[in-house]
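Visitor: Have a look at this one.
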Amino acid sequence: MKAIRIAAAGGPDVLGLEDVERPAPGPNGILIRHTAIGVNFIDTYHRTGLYPVPLPTGLGLEGAGVVEAVGESVTRFAVGDRAGFCSGPLGAYAEFHAVPESRAVKLPAGVSDDIAAAAMLKGMTARYLLKRTFPVAEGDVAVVHAAAGGVGQILVQWGRALGATIVAVVGSAQKGEIARALGAHHIIESSRENIAARVREITGGDGAHVSYDGVGKDTFQASLDCLRPLGMFVSYGNASGAAPAFEPGLLSAKGSLFFTRPTLMTYTRTPVLLQETADDLFDALASGIVKIAPPTRYALEDARRAHEDLEGRRTTGSLVLVPT
């Protein structure tokens, strides 16, 4: 089968298409023939070595398709079922992938493979952020960084539906229009406005209850400075690089703030938690609370260009690779 692999950490140029042996599912695993593969910022962290992984390796944690084979102990899936996954194992950038049954979910009829591959990791991330990490409620003010990106678009829609006032931070006027169309109450263009000062202005000086920050280094200070006393800084990604180390005393100086660095794996660490999170996302999609725009599609062999576009912030919404 064809698969994207890397032999060393580095830029998008380290991504190479190779012929490798098709995997076989273990006793508790399933083999999925991919029809769509999710591209996410965490894939670039693995590629660059920000999140070190053993080399050489495949990349990718998310995919959707059809079950091609099942292990002898598998009970939840049969050959021919539609299935998806979004938390590994690593190696989804391939025509086929072997996945533990415990990390896979059945896809409902109303969710296409493209949307599943585009939405599972991002949508389940948004779900745990909004309902578990900082459960937003009516009247809360939530700052959403990179609001026109994959996770950001879902946070804007779902957060508004839960009653929060959404302050969307974007990099351009065009991206601001995307966030506004999705329901953001306020738009801040980070390229020309002071984020924290604008949040204070919007909130009458109080600050936000929560900042959902998937950008990292570039927005670290702004996230701290835009919060009200007892607010929560949720640092869930590193699109601009890792957030800097800091002294805990900084949190007390800025109003006894809370800081957390959550991961999807922790919030979906059991099959029950995984299915609960996925079902809630699929319900939100079915009800129309969350709408996912058709993702930008790249051929599997064009993974390098997909990474270049993603890191260059030339994309909005989600990206998928499609085996040809």
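Rundown of residues vs (1) surrounded by fewer than 18 Cβ atoms within 10 Å (Cβ to Cβ); (2) in a loop (DSSP other than H, G, I, E, B); (3) out of contact with any Leu (no Cβ under 9 Å at 6 or more places or on another chain), yes/no style:
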site	(1), (2), (3)
Ala36	no, no, no
Gly60	no, yes, no
Val67	no, no, no
Val74	no, yes, yes
Gly80	yes, yes, yes
Pro89	yes, yes, no
Ala98	no, no, no
Gly110	yes, yes, no
Asp114	no, no, yes
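Visitor: I need the full set of residues from segment 309-324 which are part of a helix (DSSP H, G or I) and surrounded by 21 or more Cβ atoms within 10 Å (Cβ to Cβ), in order please. Walk me through it before giving the result.
Guide: Start the filter on segment 309-324 by keeping residues that are part of a helix (DSSP H, G or I), which leaves 309-311.
The answer is Leu310, and nothing else.
Visitor: What's the number of the only condition in (1) surrounded by fewer than 16 Cβ atoms within 10 Å (Cβ to Cβ); (2) within 16 Å of the chain's Cα centre (by Cα); (3) among the β-branched types (Val, Ile, Thr) that Thr125 fails to meet?
Guide: (1)
Visitor: If the requirement is being among the β-branched types (Val, Ile, Thr) and free of Cβ contacts under 8 Å to residues at least 60 places away in the same chain, which of these qualifies: Ile115, Ile154, Ile166? Please lay out each step first, then the result.
Guide: Working: Ile115 fails: free of Cβ contacts under 8 Å to residues at least 60 places away in the same chain; Ile154 fails: free of Cβ contacts under 8 Å to residues at least 60 places away in the same chain.
Answer to the selection: Ile166.
Visitor: Among residues belonging to segment 1-22 that are touching a Phe, Trp or Tyr at 6+ places or on another chain (Cβ under 9 Å) and buried (at least 18 other Cβ atoms within 10 Å of the Cβ), point out the one that is farthest from Leu107 (Cα to Cα).
Guide: Leu15
Visitor: Also, I was wondering about something else. Given the options Val210, Val141, Val167, Val215, name the one that is in contact with a strand residue (DSSP E or B) (Cβ under 9 Å, 6 or more places away or on another chain), within 21 Å of Asn40 (Cβ to Cβ) and not polar (S, T, N, Q). Talk me through it step by step, then tell me what you get.
Guide: Details: Val210 fails: within 21 Å of Asn40 (Cβ to Cβ); Val141 fails: within 21 Å of Asn40 (Cβ to Cβ); Val167 fails: within 21 Å of Asn40 (Cβ to Cβ).
Exactly one of Val210, Val141, Val167, Val215 is in contact with a strand residue (DSSP E or B) (Cβ under 9 Å, 6 or more places away or on another chain), within 21 Å of Asn40 (Cβ to Cβ) and not polar (S, T, N, Q), namely Val215.
Visitor: Would you confirm whether any residue within segment 171-185 is surrounded by 22 or more Cβ atoms within 10 Å (Cβ to Cβ), in a strand (DSSP E or B) and not assigned by TED's automatic domain parsing to the domain that holds Pro294?
Guide: no
Visitor: From the residues in segment 294-308 that are modelled with pLDDT under 95 and surrounded by 15 or more Cβ atoms within 10 Å (Cβ to Cβ), which one is nearest to His209 (Cα to Cα)? Quick ask: steps written out before the conclusion?
Guide: To start, the set of residues in segment 294-308 that are modelled with pLDDT under 95 comprises 294-296.
Filter again for surrounded by 15 or more Cβ atoms within 10 Å (Cβ to Cβ), leaving 295-296.
Values: Pro295: 31, Thr296: 33 Å.
Applying the filter and picking the extreme gives Pro295.
Visitor: Cβ-Cβ distance below 6 Å, separation of 6 or more or different chains: which pairs start in segment 287-298 with a residue that is closer than 18 Å to Ile37 by Cβ and end on one that is crowded, with 19+ Cβ neighbours inside 10 Å and polar (S, T, N, Q)?
Guide: Filtered contacts from segment 287-298: Pro295/Ser318.
Visitor: If you don't mind, another one. Quick test for you: out of Phe258, Phe246, pick the one residue that is more than 14 Å from His145 (Cα to Cα), at pLDDT below 95 and aromatic (Phe, Trp, Tyr). Before you say what the answer is, go through the steps one by one.
Guide: Details: Phe258 fails: at pLDDT below 95.
Sole residue among the options that is more than 14 Å from His145 (Cα to Cα), at pLDDT below 95 and aromatic (Phe, Trp, Tyr): Phe246.
Visitor: Residue under question is Asp43, and the condition is that it be farther than 23 Å from Lys106 by Cβ, of a type outside the set (S, T, N, Q) and either surrounded by fewer than 18 Cβ atoms within 10 Å (Cβ to Cβ) or outside the structural domain of Pro295 (by TED's automatic domain parsing) (or both); does it hold? Steps first, answer last, please.
Guide: Details: farther than 23 Å from Lys106 by Cβ: yes; of a type outside the set (S, T, N, Q): yes; either surrounded by fewer than 18 Cβ atoms within 10 Å (Cβ to Cβ) or outside the structural domain of Pro295 (by TED's automatic domain parsing) (or both): no.
No.
Visitor: Please state which one of Leu50, Leu31, Leu61 is assigned by TED's automatic domain parsing to the domain that holds Gly288 and farther than 29 Å from Ala146 by Cα.
Guide: On the way: Leu50 fails: farther than 29 Å from Ala146 by Cα; Leu61 fails: farther than 29 Å from Ala146 by Cα.
Going through Leu50, Leu31, Leu61 in turn, just one is assigned by TED's automatic domain parsing to the domain that holds Gly288 and farther than 29 Å from Ala146 by Cα: Leu31.
Visitor: Another question, if that's okay. Looking at segment 276-293, which of the residues that are under 13 Å from Gly110 (Cα atoms) and of a type in the set (A, V, I, L, M) is farthest from the chain's Cα centre (by Cα)?
Guide: Filtering segment 276-293 down to residues under 13 Å from Gly110 (Cα atoms) leaves 279, 281-288, 291-292.
If we keep only those that are of a type in the set (A, V, I, L, M) too, we end up with 281, 284-286, 292.
Working: Leu281: 13, Ala284: 16, Leu285: 16, Ala286: 19, Ile292: 13 Å.
Result: Ala286.
Visitor: Restricting to segment 46-58, count the residues that are surrounded by 14 or more Cβ atoms within 10 Å (Cβ to Cβ) and among the hydrophobic types (A, V, I, L, M, F, W, C).
Guide: The number of residues fulfilling the criteria is 2.
Visitor: I would also like to ask the following. Anything in segment 89-109 that is under 22 Å from Thr44 (Cα atoms) and in contact (Cβ under 8 Å) with a residue 40 or more places away in the chain? List them, or say none.
Guide: Taking segment 89-109 and keeping what is under 22 Å from Thr44 (Cα atoms), we get 89-99, 103.
Those that are under 22 Å from Thr44 (Cα atoms) and in contact (Cβ under 8 Å) with a residue 40 or more places away in the chain: Leu90, Gly91, Ala92, Tyr93, Ala94, Glu95, Phe96, His97, Ala98, Val99, Arg103.
The values are calculated or read from the model by the stated rules, or taken from the named source; none is laboratory data. What you see is a predicted model; the values in this text were computed from it and never measured. Note: ideal-geometry Cβ built from the backbone for every residue, glycine included; neighbour counts use all protein chains shown.
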